[in-house]
Amino acid sequence: MSVIKVHDKTFETFLSEETIQKRVKELAAAINNDYKSKRPLFIGVLNGAFMFAADLFKHVEVDAEICFIKLVSYHGTKSTGKVVTSIGLMEDVFGRDVILVEDIVDTGKTLHEFLPTLLHQQPASLKIAALLHKPEATIHPLAIDYLAFSIPDKFVVGYGLDYDGLGRNLKEIYQLV
Ligand code: 5GP
């Protein structure tokens, strides 16, 4: 067990590099099996999912494409509430088998707001791959098709996830002490 400091906070090892890589390979194997003779379009959600999306994609053996988007949330008018839009989605999603790749589903709010926008573009299918999920934090339940790990409702960093900008380069995932 190693203990690290990121900014002012102390974190301890939670998921080792080996554990993460083994699980990522398992998810890729499931995707390879489910998308035989298809050509899925992976859409990675920046910034947090960049490392997970890259490692997952390395083990995909069917013909596949990948692109990345950023989700930006802002408050709309009173009647619309919070609005989540994407920037950088150049690919035509219409008729594609889309796999949205997220770092962590916490309350589910971000995806709950964004999925209708994506579905509006009429993909042939839409599945969600997530590195982490905090079931205890759920406000908007949603089905995660390819989930690497369910974790307790504690703040984590590493493997793409940051604490105030730092920690994304860690190969392991660390939990706040
Ligand atoms: P949701 O909309 O599901 O509540 O939040 C999802 C986003 O919150 C994630 O994409 C991530 O950016 C951020 N987030 C939620 N929990 C954590 C966490 O434990 N660590 C980090 N670094 N980010 C988190």
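Summary of values
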read-out	value
Once the Cα gyration tensor of the stretch 10-65 is diagonalised, semi-axes √(5λ) in Å	24, 14, 7
Inter-probe distance in nm under a simple model that places probes 7 Å from Cα toward Cβ, at Lys154 and Asn47	2.5 nm
Amide proton proximity set for Val6, modelled H, under 5 Å, gap of 5+	Phe11
Overall form of the chain per C-alpha gyration tensor (a/c, 1.5; a/b vs b/c)	oblate
Point-charge dipole on Cβ atoms (K/R +1, D/E -1) for the chain, about Cα centre, debye to 20	200 debye
Convex hull (Cα only) mean projected area of the stretch 79-135, reported in nm² to one decimal	4.5 nm²
Residue order, fewest to most surrounding Cβ atoms within 10 angstrom, among Val105, Val60	Val60, Val105
DSSP beta bridges in the stretch 15-164 [antiparallel fraction, %, rounded to 5]	25 percent
Where trypsin sites (Lys or Arg not before Pro) fall in DSSP loop in the stretch 56-141, at most 16 other Cβ within 10 Å	Lys78
Likely footprinting exposure, Asp103, Asp153, fewest C-beta neighbours within 10 Å first	Asp153, Asp103
Sparsely packed GluC sites (Glu not before Pro) within the stretch 30-114, loop by DSSP, other Cβ within 10 Å at most 15	Glu61, Glu91
Simple Cβ-charge dipole of the stretch 1-94, Lys/Arg +1 and Asp/Glu -1, about Cα centre, in debye nearest 20	340 debye
Sites Met90 and Lys5 - FRET efficiency at Förster radius 35 Å, r taken between beta-carbons, to 0.05	0.35
Taking Leu89, Leu166, Leu161 and counting other C-beta atoms within 10 Å, the order from fewest to most	Leu166, Leu89, Leu161
Thr19/His140 FRET efficiency (R0 22 Å; Cβ-Cβ; nearest 0.05)	0.20
Gained length - Ala54 relative to Asn169, 0.36 nm times residue gap less alpha-carbon distance	40.1 nm
Positive-end extreme of charge dipole, the stretch 33-177 - chosen from His120, Gly95, Pro135 (charges on Cβ)	His120
Dipole of the chain [Lys/Arg +1, Asp/Glu -1 at C-beta], most positive-end residue of Ile20, Leu147, Ile4	Leu147
Violating pairs (Cα-Cα greater than 28 angstrom) within the set Lys22/Lys154; Lys5/Lys82; Lys82/Lys171	Lys5/Lys82; Lys82/Lys171
Within the stretch 52-73, backbone nitrogen closer than 13 Å to the virtual label 7 Å beyond the Cα of Ala124 toward Cβ	63-65
Point-charge dipole on Cβ atoms (K/R +1, D/E -1) for the stretch 137-177, about Cα centre, debye to 20	80 debye
Nitroxide proxy distance, nm - points 7 Å out along Cα→Cβ at Asn33 and His75	4.7 nm
Contact order relative to length of the stretch 65-175, as percent, for alpha carbon pairs under 8 angstrom and 6 or more apart	19 percent
For the stretch 92-177, the Rg and Dmax computed from alpha carbons only, in angstrom	14.2, 45
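A short reminder: the numbers here are calculations on the coordinates, not readings from a lab. Since the structure is predicted, the reported quantities are computational estimates derived from the model, not experimental observations. With ideal geometry, Cβ positions are generated from the backbone for all residues, glycine too; neighbour counts draw on all protein chains shown.
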